[in-house]
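The values are calculated or read from the model by the stated rules, or taken from the named source; none is laboratory data. Just so it is clear, the model here is predicted, and its values are computed rather than measured. All Cβ positions, glycine included, derive from the backbone under ideal geometry; neighbour counts span all protein chains shown.
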Amino acid sequence: LLILAVHAVMLETGFVILGCPTIAGASSIKYTLPELGQLKNDEARVLLRCQSVGEFMVVYGSVQGSSQIFRLSLSISKFLGEQDQASFSLYKDAFALWKEIKDNLTLRLLMLLCEIAGLPLPACFQILPTELKMKILEFLPALDVARISMVSSELRFLAA
C-alpha cells in the first residue's frame, strides 16, 4: 500500500509513468514529465526503486543523467494501521505520509529532472514546502483562506 501511496504522489506532482509495470508487485518504476514524453533516449527520466527493510519501506529515487540519489524511509507501523481494522482507518495519518513523500522525494526529483532536461523550474505556491505554505496562510485574512481551501484537498487540509 505504501508503494501505491508513493505512486499516487508522483502522479499528483505531475509525473507520468513510463511503460506499463504492474504497480502491485513493482520494485522499480520509471517516470517522466509530459513535456519530455517525446524524447526517445533514456536521459532525464526518474527511476524509483522500493525495498522493504524490516519495519520500513525504503524508496530510492534518481534521475537518469545524475549521480544524485534521494532516499526516503517510510515506517510501515507509523503510516499503516492493522490489517483487521476498518478500511477507512487503514492509513493512520494520510496527510503526514503525503507530506513526507512530496517534500522529501517527489519535489526534489521534479526540480532535478527539470534542471537536467533544461526545463524551467515550476514556480507556484503548490510546490513550496508544507511548513512554508502554512506560515503564508497564517498571514491571510480568513475570507481568502476560505477561498484558497477550495483549490485542492491539500489546501483544504492546511486551511482547517
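Do we find that GLU55 is modelled with pLDDT under 80 and in the same structural domain as MET10 (by TED's automatic domain parsing) in this structure?
Considered against the rule, which asks whether it is modelled with pLDDT under 80 and in the same structural domain as MET10 (by TED's automatic domain parsing), GLU55 comes out as no.
Does GLU35 fit the bill of being outside the structural domain of GLU154 (by TED's automatic domain parsing), part of a helix (DSSP H, G or I) and either of a type outside the set (D, E, K, R) or at pLDDT 85 or above (or both)?
no
Checking LEU143 against (1) at pLDDT 90 or above; (2) surrounded by 13 or more Cβ atoms within 10 Å (Cβ to Cβ); (3) assigned to a helix (DSSP H, G or I), only one condition comes out false. Which one?
With respect to (1) at pLDDT 90 or above; (2) surrounded by 13 or more Cβ atoms within 10 Å (Cβ to Cβ); (3) assigned to a helix (DSSP H, G or I), LEU143 is out only on (2).
Regarding the stretch 101-116, can at least one residue be identified that is outside the structural domain of LEU72 (by TED's automatic domain parsing), in contact (Cβ under 8 Å) with a residue 24 or more places away in the chain and at negative phi?
no
Could you check the stretch 60-119 and list, in sequence order, the residues that are of a type in the set (A, V, I, L, M, F, W, C), assigned to a strand (DSSP E or B) and at pLDDT below 85?
Selection gives LEU80 alone.
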